[in-house]
1. Measuring with a 1.4 Å probe in the full set of protein chains, what accessible area per residue, in whole Å², belongs to the chain?
2. So I have [x] 56; [y] 37; [z] 28, and one of them is percent of Cα pairs over 24 Å apart calculated from this model. Which one is it?
3. Can you list the residues, at least 5 places off or on another chain, whose amide H is less than 5 Å from the amide H of residue 80, using H built in the peptide plane?
4. Quick check: the distance between the Cα centres of the stretch 56-123 and the stretch 24-43, to the nearest angstrom?
5. Just tell me which lysines come within less than 21 Å, Cα to Cα, of residue 103; anything on the same chain fewer than 8 places away is out.
6. Would you calculate, for the chain, the mean residue ellipticity at 222 nm contributed by helices, counting each DSSP H stretch of 4 or more residues as -39,500 (n - 2.57) and dividing by all residues, to the nearest 500?
7. Taking Cα pairs under 8 Å and at least six residues apart, what relative contact order does the chain come out at, in percent?
8. Tell me, what ³J(HN,Hα) does each residue in the stretch 36-48 have, in order and in whole Hz, if you take phi through Karplus 6.51 cos²θ - 1.76 cosθ + 1.60 with θ = phi - 60° and put x for Gly and Pro?
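The values are calculated or read from the model by the stated rules, or taken from the named source; none is laboratory data. Given the structure is predicted, the values throughout are model-derived calculations rather than measurements. With ligands, DNA and RNA removed, areas are computed over all heavy atoms of the protein, side chains included. Shrake-Rupley method; radii C 1.70, N 1.55, O 1.52, S 1.80 Å.
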Amino acid sequence: MLKVVVDYPRPDEERLIIERMTATRCLPVTPVVGPDQVLHARDIVRHIYVDEKIKNYVLDLVLTTRNPGNNGLSDLRPFIAYGASPRAGIYLILAARAHAFIKGRGFVTPDDVKEVALDVLRHRVIVSYEAEAESVSSQ
């Protein structure tokens, strides 16, 4: 039989570990874009086209978090304490625009909304006690 004993390090060894793991390291950082470029990109994102159908789609998503029964999802109602606020629609549109920008498009598609929806809505939909009891998350 082989017996292995794993123990805490000696105080001098632990001190060395602390020093090595918390030492200040000054790594050179080279910016890839400047503040003016970031502001310009933000302006471009705000001008990416969002069709009325996409806006209605976003509105339907947000309203469904508040009243899931209105859209055939009544089985979710017991799991939602509070649906998403109006800010959810604002940030769904902005995030979808940013996603379209990253993909090199000047317009938003439903897939852009789908891609960002969970990240935007995850913390905006508050689950009920029943959901927590059944390990159902807002996601």
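1. Details: 10990 Å² over 139 residues.
With the other protein chains kept in place, the chain gives 79 Å² per residue.
2. Looking at percent of Cα pairs over 24 Å apart for this model, the match is [x].
3. So residue 80 has HN proximity to 128.
4. 30
5. Cross-link targets: 53, 55, 114.
6. Numbers: 6 runs with 73 residues, N = 139.
Mean residue ellipticity at 222 nm (helix-derived): -16500 deg cm²/dmol.
7. On the way: 131 pairs, mean separation 32.1, N = 139.
For the chain, the relative contact order is 23 percent.
8. After applying 6.51 cos²θ - 1.76 cosθ + 1.60, I find 5, 5, 5, 5, 5, 4, 4, 5, 4, 4, 5, 9, 5 Hz.
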